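To start, the structure under review is shown below, and the notes come after it.
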Amino acid sequence: MKCLFKMVKPRGYVLFLILLSVGYLTACTGIGGVGALGELPKADFSIAQGNTPNEVVVINKTNMTSIPYWSTSNGLKAKGDTAVFHFTFKGTYTITLAAAGNGGIDSTSKKTTIEQNDPNACQGTVRGFIAGCSDKTWKLNPAAYAEMVGPAAGDGSWFGNSAASVTGLRACDFNDTWTFSFDAEGSMKYDNKGDFFADTYIGNANSVCGVNSDLSATQKPWASGNFNYKVIPNSGVKDLGQLKVIGLGAHIGFPKAVNGAENTEAPVESITYDI
């Protein structure tokens with residue numbers, strides 16, 4: 001936002017000083033009122049029940065013409081005099097209105113409580129596919145090329161596990177389980193059953209199945225643990241969505257495979273996978 005001040009100098013020269021404000025600007029006036037921006041709006045809004053128990057409608061009640069920007073404590077955003085927010089899980093959420101007027105921006109927040117989980121949210125959604133309506137457990141497909149490496153998505157020309165390795169060399173990969181819960185936290189439990197494939201860089205690095213006690217202190221987060229996940233819809237190479245696993249050491253399949261690189265030194269905080 002800018003404030004314009006007129007400064008008159010001798011010999012007819014007129015200079016203009018432009019002041020830029022970082023953050024919210026309450027109000028500005030120049031000498032003698034030149035360049036006045038107006039009063040600061042007083043942000044206010046009401047909350048009404050939507051069409052379902054998990055839906056609320058917010059209505060801008062600011063005392064003057066303004067541009068309303070909405071946000072919620074769980075990351076939803078909207079713009080306009082009215083907005084509809086759908087909350088999948090029960091709980092108390094904070095809704096914030098930032099009203100932008102000629103005199104600057106004012107904001108206010110209110111809380112709304114959702115009494116139940118949306119009983120339909122697990123049907124026909126990517127999140128429901130991954131976690132079911134309560135929880136769902138996944139394993140690697142016990143087949144050749146369930147694990148593969150290549151120059152492009154779906155291309156295992158660099159490496160692919162053999163069918164025999166499912167119960168042989170890499171059996172310690174194929175007994176792992178990932179359990180995803182349909183909850184507000186996005187809970188994911190990884191269980192490696194106490195063993196892992198020591199693939200040239202992890203544990204004893206001897207390309208056989210090792211046990212968790214072989215892991216170094218830095219590598220231990222790659223073992224079993226409780227993590228979180230997030231579904232990113234309408235994304236990924238096939239537009240089927242993406243799955244982000246969150247927490248130090250969270251991974252699916254190869255521990256060292258991270259976004260855009262390999263990391264054989266230590267676990268990372270999150271990895272995003274195409275579905």
Grab the strands (runs of 3 or more DSSP E) fully contained in the stretch 34-144, keeping just those with 2 or more residues being open to solvent by 50 Å² or more (accessible area, probe 1.4 Å) and more than 30 Å from residue 166 (Cβ to Cβ). 45-49, 67-72, 77-79, 82-86, 104-114
Restricting the stretch 201-245 to residues that are over 18 Å from the mean Cα position of the chain (by Cα) and aromatic (Phe, Trp, Tyr), the residue that is nearest to residue 182 (Cα to Cα): 222
Select from the stretch 226-252 the residues that are at positive phi and either of a type in the set (Ser, Thr, Tyr) or at pLDDT 95 or above (or both) and write down the one among them that is surrounded by the most Cβ atoms within 10 Å (Cβ to Cβ). 249
Return the residues of the stretch 251-275 that are among the β-branched types (Val, Ile, Thr) and more than 20 Å from residue 199 (Cα to Cα); say none if nothing qualifies. 272, 275
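Residues checked against (1) open to solvent by 20 Å² or more (accessible area, probe 1.4 Å); (2) under 18 Å from residue 245 (Cβ atoms); (3) touching a helix residue (DSSP H, G or I) at 6+ places or on another chain (Cβ under 9 Å); (4) among the acidic types (Asp, Glu):
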residue: 183; (1), (2), (3), (4): yes, yes, yes, yes
residue: 186; (1), (2), (3), (4): no, yes, yes, no
residue: 192; (1), (2), (3), (4): no, yes, yes, no
residue: 203; (1), (2), (3), (4): yes, no, yes, no
residue: 210; (1), (2), (3), (4): no, no, yes, no
residue: 215; (1), (2), (3), (4): no, no, yes, no
residue: 223; (1), (2), (3), (4): no, yes, yes, no
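The values are calculated or read from the model by the stated rules, or taken from the named source; none is laboratory data. Bear in mind that the values here come from a model prediction, so they are computed numbers and not experimental data. With ideal geometry, Cβ positions are generated from the backbone for all residues, glycine too; neighbour counts draw on all protein chains shown. Heavy atoms of the whole protein, side chains included, go into the accessibility calculation; ligands, DNA and RNA do not. Shrake-Rupley method; radii C 1.70, N 1.55, O 1.52, S 1.80 Å.
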